[in-house]
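Dropping a structure here in structure tokens format, bear with me for questions.
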Amino acid sequence: MKKYGKYAVLENVSLSLNPGEGIALLGENGSGKSTLLKILSGILAPDAGEVRIDGLSGKQAKEKIAYVPQDIVLFEELTVTENLYAWSSLRGRENTDRAEYLISELQMESFCKKRIDRLSGGQRRRVNLAAALMGNYSYMMLDEPLAGIDEQGLKCVAKLLKDEKEKGTAMIITEHNPTILLPLMDRTLRFDGGCLV
């Protein structure tokens, strides 16, 4: 449960997510989807109930999750590559290899040396996704990751998420236009008024 004042944003929500499983969360704006992802990712604390990831809670659970927020959370004055390193929890060669992999998979080679404040909205969205994936995680929480991305970018993101899922990464995705992602999803859940219906 999560309340803001007397208003309950989430009520009686219970779900489980298995390795390699994809869940699409559907619902109108304000239905509680983003709040749920923030709670599952450890960004927000629930007012009641608990989140357990592989039997873990708190910081240990949070480390198993890659959270991709709706908002762009990048450092505007840094380049794409510098942002990936700044957000990374990896070290050494693993860090470099992961950055190079994501730049290639999301076709960001042509702008990886540019500052974030020089990029288009769709390019920023790709970098925002890549920055969240600079770590060792088993679960992904993606809040409208396709917003503002052009057709080329959509294909790159869809392929990357497909590859992640095939590696056993589980994911929950919210998206207003989920058509391109539905083939990756094993289940769809609909939110209405803070409840799963």
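Which residues, taken from the range 40-62, are of a type outside the set (Lys, Arg) and surrounded by fewer than 16 Cβ atoms within 10 Å (Cβ to Cβ)? Explain how you work it out, then say what you get.
Initial filter on the range 40-62 (of a type outside the set (Lys, Arg)): 40-51, 53-58, 60-61.
Of everything in the range 40-62, those that are of a type outside the set (Lys, Arg) and surrounded by fewer than 16 Cβ atoms within 10 Å (Cβ to Cβ) turn out to be Ile43, Ala45, Asp47, Ala48, Gly49, Glu50, Asp54, Gly55, Leu56, Ser57, Gly58, Gln60.
Residue under question is Ser31, and the condition is that it be in contact with a strand residue (DSSP E or B) (Cβ under 7 Å, 6 or more places away or on another chain), assigned to a loop (DSSP other than H, G, I, E, B) and of a type in the set (Gly, Ala, Ser); does it hold?
Criteria met by Ser31.
Same structure, new question: Specify the residue that is nearest to Val68 (Cα to Cα); the eligible residues are those in the range 108-149 that are small (Gly, Ala, Ser), assigned to a loop (DSSP other than H, G, I, E, B) and without any contact (Cβ under 8 Å) to a residue 60 or more places away in the chain.
Gly148
Of the conditions (1) under 29 Å from Ile116 (Cβ atoms); (2) buried (at least 18 other Cβ atoms within 10 Å of the Cβ); (3) touching a Lys or Arg at 6+ places or on another chain (Cβ under 6 Å), Leu37 clears all except one; give me its number.
Unmet condition: (3).
Of all residues in the range 2-13, which are in contact (Cβ under 8 Å) with a residue 40 or more places away in the chain and at negative phi? Can you show your working first?
Keep residues of the range 2-13 that are in contact (Cβ under 8 Å) with a residue 40 or more places away in the chain, which gives 2-3, 8-13.
Hits for the range 2-13 are Lys2, Lys3, Ala8, Val9, Leu10, Glu11, Val13.
Turning to a different aspect of this structure: What number goes with the only condition from (1) in contact with a Ser or Thr (Cβ under 8 Å, 6 or more places away or on another chain); (2) closer than 21 Å to Gly20 by Cβ; (3) assigned to a helix (DSSP H, G or I) that Ala99 does not pass?
Failed condition: (2).
Computed from the coordinates by the stated procedures, all read-outs in this text should not be read as laboratory data. No experiment lies behind these values; they were computed from the predicted model shown. Here the Cβ is made from the backbone with ideal geometry for all residues, glycine too, and neighbour counts use every protein chain on show.
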